[in-house]
Amino acid sequence: MKTWKLVSGILSITFSLLVFLQSCAAGVVNSLEKNGEMSGFAGFLTGIFLISGGIISIVTRKSEKGGNIALIIIFTLASLIGFTMAGNFSDLKIWASWCLLNVILAIMDMLKKKNIFEE
């Protein structure tokens, strides 16, 4: 799972840059259309969570405790924001799916280490 965390971190940081660019475009479209949607802002928040989750994933890839819990919280927030606030910005659902996949893999890694809650 160390390899997964490294690859996931690198991909998440890379995807966050793309999400930032797309959310800027979605925000401009939302303001020009005056449709009242918040998909540009939701993309911006998802990008922030993606970049922070990617950094945490890279930094904690060798740690035994705590890193997976942080990844679960951050990527869950990103996927919830992405799925619920996507609006016309349908690409945001793709990035939210990526975040959900990271949540599932972090849970699998945490369950694989059975002694994570023992001290």
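The values are calculated or read from the model by the stated rules, or taken from the named source; none is laboratory data. Everything numeric in this text was worked out from a predicted model, so none of it was measured. A quick note on method: Cβ atoms are made from the backbone with ideal geometry, for glycine too, and the neighbour counts reach across all protein chains shown. Keep in mind that these areas ignore ligands, DNA and RNA; they rest on the heavy atoms of the full protein, side chains included. Shrake-Rupley method; radii C 1.70, N 1.55, O 1.52, S 1.80 Å.
Summary of values
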| item | result |
| --- | --- |
| Charge-dipole axis of the chain as Lys and Arg at +1 and Asp and Glu at -1 on Cβ define it, positive-most pick from Thr60, Ile10, Asn102 | Thr60 |
| Additional length obtainable on full extension of the chain from Leu11 to Thr84, 0.36 nm per residue less Cα span | 24.0 nm |
| Of Thr76, Thr84, Thr60, the one that fluctuates the most in a GNM where the chain has Cα springs shorter than 10 Å | Thr84 |
| Estimated dipole of segment 29-104 in Debye, rounded to 20 [Cβ of Lys and Arg +1, of Asp and Glu -1, Cα centre] | 280 |
| Which of Ile69, Gly47, Val28, positive extreme of dipole for the chain (C-beta unit charges) | Ile69 |
| Lys pairs under 23 Å by Cα in the chain, provided they are eight or more residues apart or on distinct chains | 18 |
| Mean Cα-pair separation over length for the chain, i.e. relative contact order, pairs under 8 Å, 6 or more apart, % | 27 |
| Per residue, in Å², the accessible surface of the chain once ligands and nucleic acids are set aside, probe 1.4 Å | 55 |
| Carbon + sulfur, % of accessible area of segment 28-104 - ligands and nucleic acids excluded, 1.4 Å | 73 |
| Computed [θ] at 222 nm, deg cm²/dmol, the chain (DSSP H ≥ 4; -39,500 (n - 2.57); rounded to nearest 500) | -27500 deg cm²/dmol |
